[in-house]
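Working notes for the structure below.
The values are calculated or read from the model by the stated rules, or taken from the named source; none is laboratory data. Since we're looking at a predicted model, the values are computed, not measured. We place every Cβ from the backbone using ideal geometry, glycine too, and count neighbours over all the protein chains shown. The area values use the complete protein model at the heavy-atom level, side chains included, leaving out ligands, DNA and RNA. Shrake-Rupley method; radii C 1.70, N 1.55, O 1.52, S 1.80 Å.
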Amino acid sequence: MTIRAPGPEAMHLSFETGPFRMAMGLFACSRAEWIELDEHYGHEMALRHELLASKRDEVFAVVPGSEAARQETWKVLAGHLIEQWPDWFMRDGRVLRNRLTGECWNLDDPGRDPLEAAALLVQEDLCIIQPGADGPVLTAGVVCFPSRWRLVDKIGHKLTAVHGPVPFYAERLARPVDRFMSMVKPGHIAVRLNWSVLDDPTLFQPGGKFRTDRNGTVTASNAGDVLYVRVERQTLSRLPASGAVLFTIRVHVHPLARVVARPEIAARLAEAVRALPPATAQYKSLPRFRDALLEYLAASATEPA
């Protein structure tokens, strides 16, 4: 029997027009929309296996007290995949058969840390956030595709410290985020999108923020081919048994030219780039090629549809 492959990758256009706003930007999604599977599934699963084998200390980290939440994450995600995509994920007694990769997993004991096993089923990175004495704490994670941050630097820290380098986070987002983490109800899935323009399409990027050195290879004529729009689709949901919050991060990387193929999208991205405060632009390493990017977008915005 031929198994149909997952469909095309989604393109999330998360940049906005108007003045810069530092906000959570949450919206709800249905359970059916929670996890994304697409044409890159096979490649990304192979890459996740490779990173967990060769750079495990960089992409996997846990602290004591997260055991129940990690086990629950495995059970919840495995059950969701079996329910949502029965042609690809089949339950055979106590065995989960992944027909896309040919792998089989024991549902009671996957043979490795349950959070790690869960992260080898989906394209999303997985983080667990639990209540702490002074606010929510990142207690476990499998982050194979970091957007220029290192899990080892963040594990075991409060979210305020995790987001310490983010401009304006402490003043504008720390309290709303902590409040949301305490109030999110089981069954509710919140989504937010986060965008960057980078000169590197690599999925595993543990470093590279705050770069100001010019990338002279990027010009207004080639920016569409050598720059990439990287979008994180993040979801937050309450694990009902442990009470932890499961934070998922799905990374999408598209060539700039593909994203701004329509003039109105190019104009929208240009407005969003110009609206970024200098500190935020530097955090995103945009000064490396900002002038070339804006010149390319200006030309793309004036081309006829």
Task: Filter pass, residue 274 being under 27 Å from residue 36 (Cβ atoms), without any contact (Cβ under 8 Å) to a residue 60 or more places away in the chain and loosely packed, with under 15 Cβ neighbours inside 10 Å - done: no
Open item on the list: Being more than 17 Å from the chain's Cα centre (by Cα), part of a helix (DSSP H, G or I) and touching a residue at least 24 places away in the same chain (Cβ under 8 Å) is true for just one of 186, 287. Which residue is that?
Closed with: 287
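Here is a list: 262, 290. Which entry is more than 26 Å from residue 149 (Cα to Cα) and open to solvent by 40 Å² or more (accessible area, probe 1.4 Å)?
On the way: 290 fails: more than 26 Å from residue 149 (Cα to Cα).
None of the other options fit; the residue is 262.
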TODO: Would you be able to say whether some residue in segment 89-96 is more than 27 Å from residue 40 (Cα to Cα) and without any contact (Cβ under 8 Å) to a residue 60 or more places away in the chain?
DONE: yes
Task: Index of the failed condition, residue 281 passing every other in (1) at pLDDT 95 or above; (2) buried (at least 16 other Cβ atoms within 10 Å of the Cβ) - done: (1)
Task: Total residues in segment 49-75, condition within 19 Å of the chain's Cα centre (by Cα) and surrounded by 16 or more Cβ atoms within 10 Å (Cβ to Cβ) - done: 10
- [ ] Sort out which residues of segment 16-48 are open to solvent by 50 Å² or more (accessible area, probe 1.4 Å), part of a loop (DSSP other than H, G, I, E, B) and acidic (Asp, Glu), and write them in order of number.
- [x] 16, 39
Task: Residue that is nearest to residue 257 (Cα to Cα), among those in segment 195-214 that are among the polar types (S, T, N, Q) and buried (at least 16 other Cβ atoms within 10 Å of the Cβ) - done: 196
TODO: Would you check if residue 212 is more than 25 Å from residue 66 (Cβ to Cβ), in a loop (DSSP other than H, G, I, E, B) and free of Cβ contacts under 8 Å to residues at least 12 places away in the same chain?
DONE: no
